[in-house]
Amino acid sequence: MTPVLRVAILGAESSGKSTLAAALAAHFGTVWVPEYLREFVDTAGRVPREDDQYQIALTQTAREDAAARQATRFLFCDTTPLMTAIYSRWYWNRVDAQLSVLEQRHDYALTFVTAPDGPWEADGLQRESEAVRQTIHEQVVQMLDERGIGYSLVIGTLEDRMTQAVRLLASLR
C-alpha cells in the first residue's frame, strides 16, 4: 500500500488556501482537511481568544490524522498548527507552551504557500484587512525560511496554482 503524503497549504487570510485544497483533492480523487478555525468562529460566534489557540490547533491536527486514514495518495491540509502559532504571535505576541510543541510538528511531503495576489475578501469575523494579510504572508515565509522548511509559492489564478501544484506533486510519485 502506498503511504499517504500530507501536503500543507499555508498562507494568510483570503489567499485561497481552502479553494486550492478542495481543487487539489478533487483533481487527485482524495480528501482534504478544511481549516477548523472557520468552523470554530462560526460555531462560537466569535473570534478565538488566546486560550483557544492550542485547542484549535489540536483539533486541526486530530482532523488531519483522521482524514489521513481516508485519503488516497495525497492528503491536502488547509493550514497547520504553524499558522495558528503565527497568528498567536501576531495577536498576543507569544505562543503558549502546548501550541509551541504542536507547531514544531511539520511532517509534510510538500508545503505550498498561497500568494496574497488575489482580491482580499471580508469573511465575517475571521478576516481583518489587506494590510494584515500581507504582513502575515511575510511572517509565514520568514518562519518557513528560519526553520529550513522547503516550500513552493503558488501564484496567480486557481488554474495557474493548480498547474504549479500538480506539476510539483507529480514529481513526488
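The values are calculated or read from the model by the stated rules, or taken from the named source; none is laboratory data. Given the structure is predicted, the values throughout are model-derived calculations rather than measurements. Cβ coordinates were reconstructed from backbone atoms using ideal geometry, including for glycine residues, and neighbour counts include every protein chain displayed. For the accessible areas, the whole protein counts, side chains as well, though only heavy atoms, and no ligand, DNA or RNA atoms are used. Shrake-Rupley method; radii C 1.70, N 1.55, O 1.52, S 1.80 Å.
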Scale the Cα Rg of segment 21-73 by the rule-of-thumb value 2.2 N^0.38 Å and send over the ratio, two decimals. 1.31
Can you list residues from other chains, or at least 5 along the same chain, whose modelled amide H is less than 5 Å from the amide H of residue 47? none
Around residue 51, with a cut-off of 15 angstrom between Cβ atoms, what is the net charge of the other residues, counting Lys and Arg +1 and Asp and Glu -1? 0
Using 7 Å Cα-to-Cβ label points, what is the residue 63/residue 145 separation (nm, one decimal)? 3.1 nm
Can you tell me how much longer the chain between residue 138 and residue 172 gets when fully stretched, taken as 0.36 nm per residue apart minus their C-alpha distance, in nm with one decimal? 9.5 nm
With a 1.4 Å probe and every protein chain kept in, tell me what percent of the accessible surface of the chain is carbon plus sulfur. 53 percent
As a Kirkwood estimate from alpha-carbon pairs, segment 10-164 has a hydrodynamic radius in angstrom of 15.9 Å
Step through the residues of segment 2-9 one at a time and calculate ³J(HN,Hα) from phi using the Karplus curve (6.51 cos²θ - 1.76 cosθ + 1.60, θ = phi - 60°), rounding each to whole Hz and writing x for Gly and Pro. 6, x, 7, 9, 8, 10, 7, 10
Suppose all protein chains stay in the model; what accessible area per residue would a 1.4 Å probe give for segment 6-51, in Å²? 42 Å²
Using 0.36 nm per residue of separation minus the Cα-Cα distance, give me the extension gain between residue 163 and residue 73 in nm, one decimal. 30.6 nm
Quick one: accessible surface of residue 155, probe radius 1.4 Å, all protein chains present, in square angstrom to the nearest 10. 80 Å²
Run the 1.4 Å probe and let me know the accessible area of residue 87, rounded to the nearest 10 Å². 50 Å²
